[in-house]
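Report on one structure; see the data block that follows.
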């Protein structure tokens, strides 16, 4: 049996790094698309190169960009993948309000470029599109499943909606094995530092290390369905192993507020806290020193908020056999301990 090949866009991100580890463990030859940058941006996957034999590499990186069709055509011709995982995007919701055109070009039109490059190549690759719970936005029904109407509330959500429908269109128009994974929030120690969960755990570690004075947050009442990224990438792979292509929600089915995540993180870090005020005047103090360590800051509120997302992954459980395993409290502990170690805080 020949070695299966996979192409991962966004390989240097949280999901890309975990998916690469997962596929390498299954014996895949993995090709990754990376953008050229003036600074080193491969920290999440650098450790994987240590176990790769120089004469028979099973992990190869290629320069390319979802904004550049020619680079996509070239990489497809080189990699000839059996499976494609399109994880690349401008993926930060808040940033998408500041950069709506760029977000639409990379996150939305970029998917068009990749699907069209695949179609014209004639390769029989199976295609996974990273969709998002941000598609639901101002939710119509709760919990949200594959049949829930979309109501995106950000340029990022709108771009993801375009990519979602385009993936379905290529599946139905050209008979391509193309699926959407509608993944609810999934976190880990590899989460980007500007995402709220990692911002919380990293800031708490830096405060304890004396490297930061205070953590500033926006809407503490926003509710999200948070799972462990390491488990979610396995669900991506499962979708491409099915006899027929289809779209699936991956979620834990439990939603908690940003406030609850924050308080779990403070407890995991061993910080006794006092909560004071409400709304824009809310603060959290270290009960030992009386020092304010968390403040609400209106600058982090978005023009249009998404208040409540919680997913129904019953279809994925039934057909894929996928289900989340790590409770939120354990996930928070994993993230806090990892950031404490990075900050040099002994616990």
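The values are calculated or read from the model by the stated rules, or taken from the named source; none is laboratory data. Predicted model, so just to flag it, every value in this text is computed and none were measured. Cβ sites come from the backbone with ideal geometry, for glycine too, and all protein chains shown count toward neighbours.
Quickly run through the stretch 48-84 and pick out the residues that are touching a helix residue (DSSP H, G or I) at 6+ places or on another chain (Cβ under 9 Å), in a helix (DSSP H, G or I) and modelled with pLDDT under 95.
Within the stretch 48-84, 48, 51 meet the criteria.
Pick out the one residue from 232, 261 that is in a helix (DSSP H, G or I), closer than 20 Å to residue 198 by Cβ, in contact (Cβ under 8 Å) with a residue 40 or more places away in the chain and in contact with a strand residue (DSSP E or B) (Cβ under 7 Å, 6 or more places away or on another chain).
After ruling out the rest, the residue left standing is 232.
Conditions: (1) under 27 Å from residue 292 (Cα atoms); (2) part of a helix (DSSP H, G or I); (3) in contact (Cβ under 8 Å) with a residue 60 or more places away in the chain. Residue 203 meets all but one. Number of the miss?
With (1) under 27 Å from residue 292 (Cα atoms); (2) part of a helix (DSSP H, G or I); (3) in contact (Cβ under 8 Å) with a residue 60 or more places away in the chain applied to residue 203, the lone miss is (3).
Among the numbered criteria (1) under 24 Å from residue 343 (Cα atoms); (2) more than 21 Å from the chain's Cα centre (by Cα); (3) exposed (fewer than 14 other Cβ atoms within 10 Å of the Cβ), which one does residue 279 miss?
(1)
Scanning for something in a loop (DSSP other than H, G, I, E, B), more than 16 Å from the chain's Cα centre (by Cα), modelled with pLDDT of 95 or more and buried (at least 20 other Cβ atoms within 10 Å of the Cβ), does the stretch 99-119 turn up at least one residue?
For the stretch 99-119, residues in a loop (DSSP other than H, G, I, E, B), more than 16 Å from the chain's Cα centre (by Cα), modelled with pLDDT of 95 or more and buried (at least 20 other Cβ atoms within 10 Å of the Cβ): absent.
Among the residues in the stretch 135-158, are any in contact with a strand residue (DSSP E or B) (Cβ under 7 Å, 6 or more places away or on another chain), under 20 Å from residue 242 (Cα atoms), crowded, with 21+ Cβ neighbours inside 10 Å and without any contact (Cβ under 8 Å) to a residue 60 or more places away in the chain?
The answer is no, given that none of the residues of the stretch 135-158 is in contact with a strand residue (DSSP E or B) (Cβ under 7 Å, 6 or more places away or on another chain), under 20 Å from residue 242 (Cα atoms), crowded, with 21+ Cβ neighbours inside 10 Å and without any contact (Cβ under 8 Å) to a residue 60 or more places away in the chain.
Would you pick out the residues in the stretch 313-327 that are part of a helix (DSSP H, G or I) and touching a helix residue (DSSP H, G or I) at 6+ places or on another chain (Cβ under 7 Å)?
Within the stretch 313-327, 316, 320 meet the criteria.
For the stretch 292-323, which residues satisfy the criterion of being loosely packed, with under 13 Cβ neighbours inside 10 Å and free of Cβ contacts under 8 Å to residues at least 60 places away in the same chain?
318, the sole residue that qualifies.
Out of the residues in the stretch 206-229 meeting the condition of being under 12 Å from the mean Cα position of the chain (by Cα) and assigned to a strand (DSSP E or B), tell me which one is nearest to residue 298 (Cα to Cα).
As a first pass, look at the stretch 206-229 and keep what is under 12 Å from the mean Cα position of the chain (by Cα): 226-229.
Okay, now just the ones that are also assigned to a strand (DSSP E or B), so 227-228.
Numbers: 227: 27, 228: 29 Å.
Among those that are under 12 Å from the mean Cα position of the chain (by Cα) and assigned to a strand (DSSP E or B), it is 227.
Report yes if residue 124 is under 20 Å from the mean Cα position of the chain (by Cα) and modelled with pLDDT of 95 or more, otherwise no. Break it down stepwise before answering.
Numbers: under 20 Å from the mean Cα position of the chain (by Cα): no; modelled with pLDDT of 95 or more: yes.
Here the answer is no, as residue 124 does not meet what is asked.
Taking the stretch 126-139 on its own, how many of its residues are in contact with a helix residue (DSSP H, G or I) (Cβ under 6 Å, 6 or more places away or on another chain) and either under 21 Å from residue 237 (Cβ atoms) or assigned to a loop (DSSP other than H, G, I, E, B) (or both)?
Residues flagged as in contact with a helix residue (DSSP H, G or I) (Cβ under 6 Å, 6 or more places away or on another chain) and either under 21 Å from residue 237 (Cβ atoms) or assigned to a loop (DSSP other than H, G, I, E, B) (or both) within the stretch 126-139 amount to 5.
Quick one: is residue 336 at pLDDT 95 or above, within 21 Å of the chain's Cα centre (by Cα) and either surrounded by 14 or more Cβ atoms within 10 Å (Cβ to Cβ) or in a loop (DSSP other than H, G, I, E, B) (or both)?
Values: at pLDDT 95 or above: yes; within 21 Å of the chain's Cα centre (by Cα): yes; either surrounded by 14 or more Cβ atoms within 10 Å (Cβ to Cβ) or in a loop (DSSP other than H, G, I, E, B) (or both): yes.
Judged against the criteria, residue 336 is a match.
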